[in-house]
Amino acid sequence: MNSPKHPVVILGGGIAGISAALELAKLGHEAALIEKSPFFGGHAAHFCCKATDKCQKCGACLVDQRLRELFQAPDIALYPHTELTHAERGNGHFRLAFKSKPDIIDPTRCIDCGICYDECPSIDKGAVLVAASATQHPRYFIDPEGCLLSHECLLQGCQRMCPAKAIDLTREDSAFELEASAVIVATGYQPADPASRPHYGYGRLLQVITGRELEEKLRLGEDLTRPDGQPARRLGFIQCVGSRDRLHPYCSRVCCAYGLRLAKLIRHHHPEVEAVTFYMDIQSIGADPAGFQAEACQAVHLVRAMPGGLQASPEGSLIARYLDESTDQPVSREFDLVVLAVGISPGKDNPDLAEMLDLTLTPEGFFQSLDGEHRTGTTQPGVFLAGTAEGPRSIAECISQAAAAAREVHEYIKALV
Ligand SMILES: Cc1cc2nc3c(=O)[nH]c(=O)nc-3n(C[C@H](O)[C@H](O)[C@H](O)COP(=O)(O)OP(=O)(O)OC[C@H]3O[C@@H](n4cnc5c(N)ncnc54)[C@H](O)[C@@H]3O)c2cc1C
């Protein structure tokens, strides 16, 4: 098919947006992929592979695979650190305005040596960010918001040290417009706020971490230790944090799977570690849910109860108190680390984007879809949804739904010409 006059604009460069762009390219369309952060891949780029002696089908490796394809695709224009500021439609297409943070590192010159990161005096303020995936180029991003941009830095800092002369700290924000034949909203989610369960003490008790943090630690190969440096030998996982409560009545659909896979992975490498998972119900996982659960039970002790709270012990561990389902008696159990399996909350920008694109949000705050099967269509002709922007789903589900969104766009554009 001939390329349409205007590209398809995809908002959000996570696994859903990337998959939609790749599918559109296969169908013969040009796509513009707009990503608010400096790097593509979204949350899933920060996850670890959960394979034990066999693949656990967690989907984390699909992200690097898709990123590699993305960076080689000729018909996909990439706009990192860019966001939508205005949208209007007329004559059957969209006119979209964007603003971008500056490309302080010139991608055509950068050699990804990392000197800017290693030498930056403002690294703790996030002046130089590093992509999770080594497939990204440049792998580093200088954020003007954290950068000192001081006279000394201009004279002696990264700009001067960069061996490829790729850095220009004087570059400024820019604005531009694109005309689009269709728009796909794939702006994803934010992990549920662990503070929504204050009795678990996240932020106050340093032995309490989130599932997102555990994913990242394992991806980076970090040891699991308590804050006092002792190895963490007793791990507790608390499911449904930020899901299935009064404020978030829905199920996030991925936490049982990632929580159990993480626990199994740790036990596989460290059989001496004890893992206990506190849950309400276990969701169906994979093609053989009963088989998955039976295997998980061999590695993890499943306790159907939610601890009422966590308390620090004088020895540096945490004490969880819960009601034993079989005896109806209160029980206390000690852990070195407790992992809160945070769920999927609606994206922060959803209300603003919904207003700009004239879309409706669900009562929970996700984008409302129209069609039942793939849930990609919206009330606005030419605006489609992909991935967790529409509601909780796994990486594999995001990929297949994004492909469905791309095919819907293809049919929509065919009907226009
Ligand atoms: C702790 C945790 C662990 C998980 N582990 C697994 C797992 O092991 N396996 C699995 O299958 N699933 C897992 N999931 C679910 C998985 O994270 C999602 O299925 C997947 O990442 C969703 O991809 P997405 O593209 O829809 O969204 P995201 O990953 O959120 O990507 C959206 C992208 O859009 C960008 N964006 C946001 N707003 C804007 C804007 N206004 N303009 C432009 N860009 C914007 C964001 O920066 C981001 O890059 C896990 C979820 C959590 C919370």
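The values are calculated or read from the model by the stated rules, or taken from the named source; none is laboratory data. Since the structure is predicted, the reported quantities are computational estimates derived from the model, not experimental observations. With ideal geometry, Cβ positions are generated from the backbone for all residues, glycine too; neighbour counts draw on all protein chains shown.
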Exercise. Can you name the residue in the range 259-282 that is surrounded by 16 or more Cβ atoms within 10 Å (Cβ to Cβ) and assigned to a loop (DSSP other than H, G, I, E, B) and, of all such residues, is modelled with the lowest pLDDT?
Worked result: Ile282
For this session: Kindly check whether there is at least one residue in the range 249-258 that is farther than 17 Å from Cys48 by Cβ and more than 16 Å from the ligand (Cβ to nearest atom).
Result: yes
Exercise. When you go through Gln283, Gln293 one by one, which is the residue that is touching a Cys at 6+ places or on another chain (Cβ under 7 Å), without any contact (Cβ under 8 Å) to a residue 40 or more places away in the chain and in the same structural domain as Val338 (by TED's automatic domain parsing)?
Worked result: Gln283
For this session: Among the residues of the range 55-99, write down those that are surrounded by fewer than 16 Cβ atoms within 10 Å (Cβ to Cβ) and among the polar types (S, T, N, Q).
Result: Gln65, Gln72, Thr85, Asn91
Exercise. Got at least one residue in the range 68-80 being at pLDDT below 95 and either within 10 Å of the ligand (Cβ to nearest atom) or over 16 Å from the mean Cα position of the chain (by Cα) (or both)?
Worked result: yes
Exercise. Pairs, please: C-beta under 8 Å, at least 6 apart or cross-chain, first residue without any contact (Cβ under 8 Å) to a residue 24 or more places away in the chain and surrounded by 15 or more Cβ atoms within 10 Å (Cβ to Cβ) and in the range 106-125, second in a helix (DSSP H, G or I) and aliphatic (A, V, I, L, M)?
Worked result: Tyr117/Ile123
Exercise. When both residues are 6+ apart or on different chains and their Cβ atoms are under 9 Å apart, which pairs have a first residue that lies in the range 7-26 and is under 9 Å from Val185 (Cα atoms) and modelled with pLDDT under 95, and a second that is among the hydroxyl-bearing types (Ser, Thr, Tyr) and more than 7 Å from the ligand (Cβ to nearest atom)?
Worked result: none
Problem set entry | Residue among Ala127, Ala132, Ala77 that alone is closer than 27 Å to Asp349 by Cβ and in the same structural domain as Leu33 (by TED's automatic domain parsing) | Ala77
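For the range 328-410, give me every one of the strands (runs of 3 or more DSSP E) that falls completely inside it and has 3 or more residues that are of a type in the set (A, V, I, L, M, F, W, C) and modelled with pLDDT of 95 or more. Lay out the reasoning, then the answer.
On the way: elements: 330-335, 337-342, 344-346, 383-385.
Filter on the range 328-410 gives 337-342, 383-385.
Would you mind finding the one in Leu24, Leu33 that is part of a helix (DSSP H, G or I) and either in contact with a strand residue (DSSP E or B) (Cβ under 6 Å, 6 or more places away or on another chain) or near the ligand (Cβ under 9 Å from one of its atoms) (or both)?
Details: Leu33 fails: part of a helix (DSSP H, G or I).
Unique residue meeting the criteria: Leu24.
Which is under 23 Å from Leu84 (Cβ atoms) and within 14 Å of the ligand (Cβ to nearest atom), of Leu385, Leu370? Don't jump to the end; show me each part of the working.
Working: Leu370 fails: within 14 Å of the ligand (Cβ to nearest atom).
Just one listed residue meets the conditions, Leu385.
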Seminar exercise, completed: All conditions in (1) in a helix (DSSP H, G or I); (2) touching a residue at least 40 places away in the same chain (Cβ under 8 Å); (3) over 26 Å from the mean Cα position of the chain (by Cα) are true of His199 except (3)
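Which count do you get for residues in the range 50-62 that are under 21 Å from Ser19 (Cα atoms), more than 8 Å from the ligand (Cβ to nearest atom) and either touching a residue at least 60 places away in the same chain (Cβ under 8 Å) or touching a His at 6+ places or on another chain (Cβ under 8 Å) (or both)?
Looking only at the range 50-62, we keep the residues that are under 21 Å from Ser19 (Cα atoms), and these are 57-62.
Now drop any that are not more than 8 Å from the ligand (Cβ to nearest atom), which leaves 57, 61-62.
After this cut, where a residue has to be either touching a residue at least 60 places away in the same chain (Cβ under 8 Å) or touching a His at 6+ places or on another chain (Cβ under 8 Å) (or both) as well, the list is 57, 62.
Adding up the residues that qualify gives 2.
Regarding Ser133, is this residue within 16 Å of the ligand (Cβ to nearest atom), crowded, with 16+ Cβ neighbours inside 10 Å and hydroxyl-bearing (Ser, Thr, Tyr)?
Spelling it out, Ser133 is indeed within 16 Å of the ligand (Cβ to nearest atom), crowded, with 16+ Cβ neighbours inside 10 Å and hydroxyl-bearing (Ser, Thr, Tyr).
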